[in-house]
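The block underneath contains the structure these notes are about, expressed in C-alpha coordinates.
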Amino acid sequence: MDKRILWIIPKWTFPINDGARVATDSLIRSTIAAGLKVDVLCLPQAFEKINLAEMRDHWKVNEIFVMPRALPQKKWAKVGYYFSKFIKQPFFPLTLSSFADEQLRNETRQLITKNGYHQVVLDGLHLGALFLEGNRWVKPGSQVILRAHNIETDLWKRAAQETKNIIYGWILHWQKNCVARIEQTIAENVTAIAAISSEDSETFKLIAPQTPLKVIPLGLNFSRPLPDPQLDGMNFLFIGRLDWAPNRDGLEWILRDVWPQVHARRPEAKLQIVGSGDRSWLLSYAKMPGVELLGFVKEIRDAYEKCHFTITPLTYGSGTRIKVVEAFAMNRALISTRMGVQGAYLTDNDYIAAETTDEWINTLSTVKWNESSAIRLKNARQKIAVILDEGQIGRSFYNWLNTL
(Lines give C-alpha, C1' and ligand atoms only; values in the text may rest on other atoms or scores of the structure.)
Protein backbone atom coordinates (compact mmCIF):
# COMPACT_ATOMS: atom_id res chain seq x y z
CA MET A 1 0.00 0.00 0.00
CA ASP A 2 1.59 3.28 -1.16
CA LYS A 3 -1.25 5.42 0.10
CA ARG A 4 -0.56 8.16 2.64
CA ILE A 5 -2.47 7.70 5.87
CA LEU A 6 -3.10 10.31 8.55
CA TRP A 7 -3.82 8.73 11.95
CA ILE A 8 -5.43 11.23 14.32
CA ILE A 9 -5.15 10.63 18.07
CA PRO A 10 -6.98 12.66 20.76
CA LYS A 11 -4.15 12.90 23.31
CA TRP A 12 -0.46 12.30 23.71
CA THR A 13 -0.15 8.55 24.03
CA PHE A 14 3.01 8.34 26.11
CA PRO A 15 3.45 7.07 28.74
CA ILE A 16 1.19 4.18 27.75
CA ASN A 17 -0.55 3.98 31.11
CA ASP A 18 -4.23 3.30 30.49
CA GLY A 19 -6.46 1.10 28.37
CA ALA A 20 -7.14 3.62 25.61
CA ARG A 21 -3.42 4.31 25.17
CA VAL A 22 -2.62 0.59 25.12
CA ALA A 23 -5.26 0.03 22.43
CA THR A 24 -3.96 2.89 20.30
CA ASP A 25 -0.33 1.85 20.70
CA SER A 26 -1.01 -1.77 19.83
CA LEU A 27 -3.02 -1.12 16.67
CA ILE A 28 -0.95 1.68 15.18
CA ARG A 29 2.36 -0.06 15.90
CA SER A 30 1.26 -3.45 14.56
CA THR A 31 -0.37 -1.92 11.46
CA ILE A 32 2.79 0.01 10.64
CA ALA A 33 4.75 -3.22 11.11
CA ALA A 34 2.41 -4.80 8.54
CA GLY A 35 3.44 -2.18 5.96
CA LEU A 36 1.26 0.90 6.51
CA LYS A 37 2.93 4.29 6.02
CA VAL A 38 1.55 6.62 8.66
CA ASP A 39 1.67 10.27 9.63
CA VAL A 40 0.25 11.13 13.04
CA LEU A 41 -1.78 14.16 14.04
CA CYS A 42 -2.03 14.51 17.82
CA LEU A 43 -4.54 16.82 19.50
CA PRO A 44 -3.34 16.93 23.12
CA GLN A 45 -4.38 19.29 25.85
CA ALA A 46 -1.97 22.20 26.07
CA PHE A 47 -0.36 21.04 29.34
CA GLU A 48 0.57 17.54 28.11
CA LYS A 49 4.29 16.85 27.79
CA ILE A 50 5.27 16.11 24.20
CA ASN A 51 8.29 14.09 23.08
CA LEU A 52 8.29 13.71 19.31
CA ALA A 53 11.44 11.60 19.27
CA GLU A 54 9.86 9.05 21.61
CA MET A 55 6.79 8.63 19.40
CA ARG A 56 8.82 8.47 16.21
CA ASP A 57 11.18 5.87 17.63
CA HIS A 58 8.45 3.73 19.22
CA TRP A 59 5.97 3.78 16.36
CA LYS A 60 8.23 4.29 13.32
CA VAL A 61 5.87 6.92 11.92
CA ASN A 62 6.82 9.35 9.16
CA GLU A 63 5.62 12.82 10.14
CA ILE A 64 4.12 13.97 13.45
CA PHE A 65 1.89 17.02 13.70
CA VAL A 66 0.72 18.46 17.01
CA MET A 67 -2.26 20.81 17.40
CA PRO A 68 -3.05 21.45 21.08
CA ARG A 69 -6.67 21.76 22.19
CA ALA A 70 -7.71 24.81 24.20
CA LEU A 71 -9.14 22.79 27.10
CA PRO A 72 -8.22 24.12 30.58
CA GLN A 73 -6.52 21.82 33.08
CA LYS A 74 -7.85 23.21 36.35
CA LYS A 75 -11.27 22.06 37.54
CA TRP A 76 -13.17 25.34 37.77
CA ALA A 77 -11.64 26.73 34.61
CA LYS A 78 -12.81 23.55 32.86
CA VAL A 79 -16.31 23.96 34.32
CA GLY A 80 -16.42 27.51 32.97
CA TYR A 81 -15.20 26.32 29.58
CA TYR A 82 -17.89 23.65 29.30
CA PHE A 83 -20.59 26.05 30.52
CA SER A 84 -19.72 28.53 27.77
CA LYS A 85 -19.78 25.74 25.20
CA PHE A 86 -23.19 24.59 26.45
CA ILE A 87 -24.61 28.12 26.14
CA LYS A 88 -23.32 28.42 22.57
CA GLN A 89 -24.23 24.87 21.44
CA PRO A 90 -26.69 23.25 23.86
CA PHE A 91 -27.33 20.30 21.53
CA PHE A 92 -23.66 19.41 21.02
CA PRO A 93 -21.96 16.91 23.38
CA LEU A 94 -19.69 18.69 25.86
CA THR A 95 -17.02 15.98 25.77
CA LEU A 96 -16.61 16.49 22.03
CA SER A 97 -16.63 20.29 22.16
CA SER A 98 -12.87 20.85 22.46
CA PHE A 99 -12.41 18.92 19.19
CA ALA A 100 -15.03 21.05 17.41
CA ASP A 101 -12.96 24.22 17.71
CA GLU A 102 -13.15 26.15 14.42
CA GLN A 103 -9.41 26.83 14.18
CA LEU A 104 -8.57 23.23 14.96
CA ARG A 105 -11.07 22.05 12.39
CA ASN A 106 -9.70 24.34 9.67
CA GLU A 107 -6.06 23.46 10.36
CA THR A 108 -6.85 19.75 10.26
CA ARG A 109 -8.65 20.03 6.93
CA GLN A 110 -5.83 22.14 5.48
CA LEU A 111 -3.31 19.51 6.56
CA ILE A 112 -5.33 16.74 4.90
CA THR A 113 -5.68 18.72 1.67
CA LYS A 114 -2.05 19.85 1.58
CA ASN A 115 -0.62 16.35 1.98
CA GLY A 116 -3.22 14.56 -0.11
CA TYR A 117 -3.96 11.81 2.37
CA HIS A 118 -5.98 9.00 0.87
CA GLN A 119 -7.26 7.85 4.24
CA VAL A 120 -7.72 9.37 7.68
CA VAL A 121 -8.05 7.12 10.74
CA LEU A 122 -9.97 8.63 13.66
CA ASP A 123 -8.75 6.98 16.85
CA GLY A 124 -12.02 7.35 18.75
CA LEU A 125 -15.44 8.91 18.27
CA HIS A 126 -14.50 12.33 19.66
CA LEU A 127 -12.30 13.05 16.65
CA GLY A 128 -15.32 12.96 14.37
CA ALA A 129 -16.07 16.46 15.68
CA LEU A 130 -13.27 17.72 13.43
CA PHE A 131 -15.55 17.13 10.45
CA LEU A 132 -18.76 18.47 11.92
CA GLU A 133 -20.21 21.93 11.62
CA GLY A 134 -22.89 21.90 14.24
CA ASN A 135 -24.55 18.56 13.63
CA ARG A 136 -23.70 18.47 9.90
CA TRP A 137 -20.91 16.30 8.51
CA VAL A 138 -18.48 18.01 6.11
CA LYS A 139 -16.47 15.62 3.96
CA PRO A 140 -12.70 16.25 4.14
CA GLY A 141 -11.90 14.89 0.66
CA SER A 142 -10.33 11.69 2.02
CA GLN A 143 -11.70 8.39 3.17
CA VAL A 144 -12.39 8.56 6.92
CA ILE A 145 -12.19 5.40 9.01
CA LEU A 146 -13.52 5.44 12.56
CA ARG A 147 -11.61 3.23 14.97
CA ALA A 148 -14.34 2.89 17.60
CA HIS A 149 -13.08 1.96 21.07
CA ASN A 150 -16.62 1.59 22.47
CA ILE A 151 -20.23 2.74 22.13
CA GLU A 152 -20.03 6.17 23.71
CA THR A 153 -23.80 6.51 24.18
CA ASP A 154 -23.87 3.44 26.44
CA LEU A 155 -21.53 5.07 28.95
CA TRP A 156 -23.66 8.21 29.21
CA LYS A 157 -26.86 6.18 29.47
CA ARG A 158 -25.54 4.18 32.40
CA ALA A 159 -24.15 7.27 34.13
CA ALA A 160 -27.56 8.94 33.88
CA GLN A 161 -29.24 5.86 35.35
CA GLU A 162 -26.78 5.52 38.21
CA THR A 163 -26.78 9.04 39.63
CA LYS A 164 -29.12 9.89 42.51
CA ASN A 165 -28.87 13.64 41.99
CA ILE A 166 -31.93 14.78 40.01
CA ILE A 167 -30.28 17.83 38.44
CA TYR A 168 -27.07 15.98 37.58
CA GLY A 169 -29.15 13.11 36.24
CA TRP A 170 -31.03 15.49 33.93
CA ILE A 171 -27.74 16.90 32.64
CA LEU A 172 -26.36 13.41 32.00
CA HIS A 173 -29.58 12.35 30.26
CA TRP A 174 -29.44 15.46 28.06
CA GLN A 175 -25.82 14.76 27.18
CA LYS A 176 -26.64 11.12 26.46
CA ASN A 177 -29.18 12.22 23.86
CA CYS A 178 -26.67 14.67 22.35
CA VAL A 179 -23.99 11.98 22.18
CA ALA A 180 -26.43 9.50 20.61
CA ARG A 181 -27.29 11.93 17.80
CA ILE A 182 -23.65 12.74 17.06
CA GLU A 183 -22.54 9.11 17.32
CA GLN A 184 -25.12 8.17 14.72
CA THR A 185 -24.19 11.12 12.47
CA ILE A 186 -20.51 10.22 12.54
CA ALA A 187 -21.20 6.50 12.06
CA GLU A 188 -23.45 7.18 9.07
CA ASN A 189 -20.96 9.49 7.32
CA VAL A 190 -17.53 7.93 7.78
CA THR A 191 -16.21 5.70 5.01
CA ALA A 192 -16.00 2.67 7.30
CA ILE A 193 -16.00 1.64 10.96
CA ALA A 194 -13.47 -0.60 12.69
CA ALA A 195 -15.33 -1.84 15.78
CA ILE A 196 -13.29 -3.27 18.63
CA SER A 197 -15.77 -6.05 19.49
CA SER A 198 -18.53 -8.05 17.85
CA GLU A 199 -20.99 -6.70 20.42
CA ASP A 200 -20.18 -3.12 19.43
CA SER A 201 -20.40 -4.00 15.74
CA GLU A 202 -24.01 -5.13 16.23
CA THR A 203 -24.87 -1.72 17.67
CA PHE A 204 -23.21 0.09 14.76
CA LYS A 205 -25.15 -2.09 12.32
CA LEU A 206 -28.35 -0.77 13.88
CA ILE A 207 -27.44 2.92 13.91
CA ALA A 208 -25.53 3.00 10.60
CA PRO A 209 -26.57 -0.02 8.52
CA GLN A 210 -25.10 1.34 5.27
CA THR A 211 -21.58 1.96 6.59
CA PRO A 212 -18.99 -0.76 5.85
CA LEU A 213 -17.93 -2.39 9.09
CA LYS A 214 -15.23 -4.74 10.27
CA VAL A 215 -14.41 -6.08 13.74
CA ILE A 216 -10.78 -5.25 14.51
CA PRO A 217 -10.23 -6.60 18.03
CA LEU A 218 -7.68 -5.43 20.52
CA GLY A 219 -4.38 -7.17 19.86
CA LEU A 220 -1.54 -7.65 22.34
CA ASN A 221 1.87 -9.30 22.44
CA PHE A 222 1.59 -12.86 23.78
CA SER A 223 5.27 -13.71 23.36
CA ARG A 224 6.49 -12.73 26.86
CA PRO A 225 4.36 -14.58 29.43
CA LEU A 226 5.27 -14.49 33.09
CA PRO A 227 6.01 -17.82 34.81
CA ASP A 228 3.14 -19.32 36.80
CA PRO A 229 2.68 -17.56 40.16
CA GLN A 230 4.98 -18.82 42.90
CA LEU A 231 3.51 -16.91 45.84
CA ASP A 232 2.34 -17.61 49.36
CA GLY A 233 -1.15 -16.60 50.48
CA MET A 234 -3.66 -15.37 47.90
CA ASN A 235 -3.12 -12.14 46.00
CA PHE A 236 -5.76 -10.55 43.74
CA LEU A 237 -5.07 -7.68 41.33
CA PHE A 238 -7.40 -5.00 40.04
CA ILE A 239 -5.84 -2.98 37.24
CA GLY A 240 -7.39 -0.22 35.16
CA ARG A 241 -7.91 3.51 34.91
CA LEU A 242 -9.24 4.43 38.33
CA ASP A 243 -11.40 7.39 37.33
CA TRP A 244 -13.18 5.67 34.41
CA ALA A 245 -16.79 5.30 35.56
CA PRO A 246 -17.25 1.53 34.85
CA ASN A 247 -13.95 0.75 36.61
CA ARG A 248 -14.75 2.98 39.57
CA ASP A 249 -18.26 1.64 40.05
CA GLY A 250 -17.16 -2.01 39.80
CA LEU A 251 -14.19 -1.60 42.13
CA GLU A 252 -16.19 0.40 44.67
CA TRP A 253 -18.80 -2.38 44.70
CA ILE A 254 -16.08 -4.92 45.53
CA LEU A 255 -14.54 -2.78 48.25
CA ARG A 256 -17.84 -1.84 49.83
CA ASP A 257 -19.89 -5.04 49.60
CA VAL A 258 -17.48 -7.90 48.91
CA TRP A 259 -14.03 -7.40 50.37
CA PRO A 260 -14.95 -7.02 54.10
CA GLN A 261 -16.51 -10.49 54.09
CA VAL A 262 -13.69 -11.96 52.00
CA HIS A 263 -11.10 -10.69 54.46
CA ALA A 264 -13.10 -12.02 57.41
CA ARG A 265 -13.14 -15.49 55.84
CA ARG A 266 -9.65 -15.34 54.36
CA PRO A 267 -7.42 -13.00 56.41
CA GLU A 268 -4.32 -13.75 54.33
CA ALA A 269 -5.92 -12.48 51.11
CA LYS A 270 -4.66 -9.25 49.55
CA LEU A 271 -6.19 -7.00 46.94
CA GLN A 272 -3.73 -4.81 45.04
CA ILE A 273 -5.19 -1.85 43.16
CA VAL A 274 -3.15 -0.48 40.26
CA GLY A 275 -4.00 2.20 37.72
CA SER A 276 -3.61 5.75 36.55
CA GLY A 277 -6.16 8.55 36.82
CA ASP A 278 -7.74 10.32 39.78
CA ARG A 279 -7.80 7.94 42.75
CA SER A 280 -8.87 10.40 45.44
CA TRP A 281 -12.20 8.59 45.82
CA LEU A 282 -10.25 5.49 46.93
CA LEU A 283 -8.62 7.11 49.93
CA SER A 284 -11.51 6.15 52.22
CA TYR A 285 -10.87 2.48 51.35
CA ALA A 286 -7.06 2.61 51.46
CA LYS A 287 -6.81 1.47 55.08
CA MET A 288 -9.10 -1.53 54.69
CA PRO A 289 -7.39 -4.76 55.84
CA GLY A 290 -5.70 -6.52 52.96
CA VAL A 291 -6.11 -3.64 50.50
CA GLU A 292 -2.98 -2.18 48.89
CA LEU A 293 -3.57 0.99 46.86
CA LEU A 294 -0.56 1.22 44.54
CA GLY A 295 -1.92 3.62 41.91
CA PHE A 296 0.30 4.18 38.89
CA VAL A 297 3.26 1.82 38.51
CA LYS A 298 6.06 2.21 35.98
CA GLU A 299 6.40 -1.48 35.16
CA ILE A 300 3.06 -3.23 34.78
CA ARG A 301 4.66 -6.68 34.63
CA ASP A 302 5.72 -6.30 38.27
CA ALA A 303 2.08 -5.91 39.32
CA TYR A 304 1.01 -9.03 37.45
CA GLU A 305 3.96 -11.00 38.77
CA LYS A 306 2.80 -10.40 42.36
CA CYS A 307 -0.73 -11.78 41.92
CA HIS A 308 -2.45 -15.15 41.58
CA PHE A 309 -5.65 -13.87 39.95
CA THR A 310 -6.78 -10.65 38.30
CA ILE A 311 -10.33 -9.38 38.84
CA THR A 312 -12.64 -7.49 36.49
CA PRO A 313 -15.91 -6.68 38.31
CA LEU A 314 -17.55 -4.58 35.59
CA THR A 315 -21.30 -4.37 35.21
CA TYR A 316 -21.61 -2.02 32.22
CA GLY A 317 -19.66 -0.43 29.38
CA SER A 318 -18.75 -1.43 25.84
CA GLY A 319 -15.66 -2.19 23.81
CA THR A 320 -13.05 -4.66 25.04
CA ARG A 321 -11.45 -4.57 28.48
CA ILE A 322 -7.78 -4.30 27.74
CA LYS A 323 -6.88 -5.56 31.20
CA VAL A 324 -8.74 -8.82 30.42
CA VAL A 325 -6.67 -9.56 27.32
CA GLU A 326 -3.54 -8.27 29.06
CA ALA A 327 -4.04 -10.68 31.96
CA PHE A 328 -3.89 -13.65 29.59
CA ALA A 329 -0.96 -12.15 27.67
CA MET A 330 0.85 -11.92 31.03
CA ASN A 331 -0.18 -15.48 31.96
CA ARG A 332 -2.49 -14.65 34.85
CA ALA A 333 -5.90 -16.22 35.53
CA LEU A 334 -9.03 -14.11 35.56
CA ILE A 335 -12.12 -13.69 37.73
CA SER A 336 -14.73 -11.56 36.00
CA THR A 337 -18.33 -10.73 35.31
CA ARG A 338 -19.57 -11.67 31.87
CA MET A 339 -19.74 -7.99 30.97
CA GLY A 340 -16.09 -7.70 31.92
CA VAL A 341 -14.98 -10.24 29.28
CA GLN A 342 -17.06 -8.76 26.48
CA GLY A 343 -15.12 -8.72 23.22
CA ALA A 344 -12.31 -10.96 24.52
CA TYR A 345 -13.49 -14.19 22.81
CA LEU A 346 -13.71 -16.05 26.14
CA THR A 347 -16.13 -18.80 27.13
CA ASP A 348 -17.13 -19.75 30.67
CA ASN A 349 -14.44 -22.44 30.66
CA ASP A 350 -11.67 -19.89 30.13
CA TYR A 351 -12.14 -17.82 33.28
CA ILE A 352 -13.91 -17.87 36.64
CA ALA A 353 -17.29 -16.18 36.32
CA ALA A 354 -18.84 -14.24 39.20
CA GLU A 355 -21.90 -12.02 38.84
CA THR A 356 -23.63 -11.37 42.15
CA THR A 357 -22.22 -10.08 45.41
CA ASP A 358 -22.52 -13.53 46.99
CA GLU A 359 -20.76 -15.17 44.04
CA TRP A 360 -17.88 -12.73 44.33
CA ILE A 361 -17.61 -13.27 48.09
CA ASN A 362 -17.61 -17.05 47.72
CA THR A 363 -15.18 -17.03 44.81
CA LEU A 364 -12.61 -14.71 46.37
CA SER A 365 -12.89 -16.57 49.68
CA THR A 366 -12.31 -20.06 48.27
CA VAL A 367 -10.49 -19.91 44.92
CA LYS A 368 -7.08 -21.59 44.79
CA TRP A 369 -4.16 -21.60 42.40
CA ASN A 370 -3.51 -25.25 41.64
CA GLU A 371 -2.83 -27.62 38.78
CA SER A 372 -6.41 -27.33 37.53
CA SER A 373 -6.13 -23.52 37.47
CA ALA A 374 -2.85 -23.73 35.58
CA ILE A 375 -4.28 -26.06 32.93
CA ARG A 376 -7.34 -23.88 32.38
CA LEU A 377 -5.17 -20.77 32.04
CA LYS A 378 -2.80 -22.48 29.61
CA ASN A 379 -5.64 -23.66 27.36
CA ALA A 380 -7.43 -20.30 27.42
CA ARG A 381 -4.23 -18.39 26.77
CA GLN A 382 -3.37 -20.52 23.75
CA LYS A 383 -6.83 -19.99 22.29
CA ILE A 384 -6.85 -16.22 22.80
CA ALA A 385 -3.31 -15.79 21.49
CA VAL A 386 -4.36 -17.25 18.14
CA ILE A 387 -7.18 -14.72 17.82
CA LEU A 388 -5.77 -11.61 19.48
CA ASP A 389 -2.06 -11.63 18.69
CA GLU A 390 -1.26 -8.04 17.77
CA GLY A 391 0.75 -8.97 14.68
CA GLN A 392 -2.25 -10.77 13.23
CA ILE A 393 -4.60 -7.89 14.13
CA GLY A 394 -2.27 -5.36 12.51
CA ARG A 395 -2.12 -7.35 9.28
CA SER A 396 -5.91 -7.73 9.27
CA PHE A 397 -6.43 -3.98 9.66
CA TYR A 398 -3.80 -3.21 7.02
CA ASN A 399 -5.38 -5.56 4.49
CA TRP A 400 -8.88 -4.22 5.19
CA LEU A 401 -7.78 -0.60 4.71
CA ASN A 402 -6.35 -1.63 1.36
CA THR A 403 -9.77 -2.85 0.19
CA LEU A 404 -11.66 0.38 0.92
Worksheet item: Could you say whether any residue in the stretch 317-340 is surrounded by fewer than 16 Cβ atoms within 10 Å (Cβ to Cβ) and farther than 18 Å from Pro246 by Cβ?
Response: no
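Rundown of residues vs (1) without any contact (Cβ under 8 Å) to a residue 40 or more places away in the chain; (2) in the same structural domain as Asn150 (by TED's automatic domain parsing); (3) aliphatic (A, V, I, L, M), yes/no style:
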| site | (1), (2), (3) |
| --- | --- |
| Ile9 | no, yes, yes |
| Asn17 | no, yes, no |
| Gly35 | no, yes, no |
| Leu43 | no, yes, yes |
| Trp59 | yes, yes, no |
Item to complete: Would you check if Arg256 is free of Cβ contacts under 8 Å to residues at least 40 places away in the same chain and either assigned by TED's automatic domain parsing to the domain that holds Asn331 or not in a loop (DSSP other than H, G, I, E, B) (or both)?
Response: yes
Discussion item. Pairs please, first residue from the stretch 65-85 and touching a residue at least 24 places away in the same chain (Cβ under 8 Å), second anywhere and among the aromatic types (Phe, Trp, Tyr), Cβ atoms under 6 Å, 6+ apart in sequence or on different chains.
Written reply: Gln73/Phe47
Fill in: Residue count, the stretch 159-201 (criterion: touching a residue at least 24 places away in the same chain (Cβ under 8 Å) and not in a helix (DSSP H, G or I))
8
Discussion item. Checking the conditions here, which among Gly128, Gly141 is under 20 Å from Phe99 (Cα atoms) and not in a helix (DSSP H, G or I)?
Written reply: Gly141
Discussion item. Given the criteria buried (at least 18 other Cβ atoms within 10 Å of the Cβ), in contact with a Leu (Cβ under 9 Å, 6 or more places away or on another chain), farther than 29 Å from Lys176 by Cα and among the hydrophobic types (A, V, I, L, M, F, W, C), does Val66 qualify?
Written reply: no
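Yes/no matrix, rows are residues, columns are (1) among the small types (Gly, Ala, Ser); (2) in contact with a Leu (Cβ under 6 Å, 6 or more places away or on another chain); (3) part of a strand (DSSP E or B):
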residue	(1), (2), (3)
Pro209	no, no, no
Pro217	no, yes, no
Phe236	no, yes, yes
Gly250	yes, yes, no
Fill in: Residue in the stretch 273-287 that is basic (Lys, Arg), in a loop (DSSP other than H, G, I, E, B) and touching a strand residue (DSSP E or B) at 6+ places or on another chain (Cβ under 7 Å) present
yes
Worksheet item: From the set of residues in the stretch 164-176 that are of a type outside the set (A, V, I, L, M, F, W, C) and surrounded by 15 or more Cβ atoms within 10 Å (Cβ to Cβ), which is farthest from the chain's Cα centre (by Cα)?
Response: Gly169
Discussion item. Return the residues of the stretch 123-134 that are out of contact with any helix residue (DSSP H, G or I) (no Cβ under 6 Å at 6 or more places or on another chain) and without any contact (Cβ under 8 Å) to a residue 60 or more places away in the chain; say none if nothing qualifies.
Written reply: Phe131, Leu132, Glu133, Gly134
Item to complete: Go over the candidates Ser365, Ser280, Ser276 one by one and state the one that is buried (at least 17 other Cβ atoms within 10 Å of the Cβ) and either in contact (Cβ under 8 Å) with a residue 12 or more places away in the chain or closer than 19 Å to Ile239 by Cβ (or both).
Response: Ser276
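The values are calculated or read from the model by the stated rules, or taken from the named source; none is laboratory data. Because the structure is predicted, anything quoted here is derived from the model rather than measured. Note: ideal-geometry Cβ built from the backbone for every residue, glycine included; neighbour counts use all protein chains shown.
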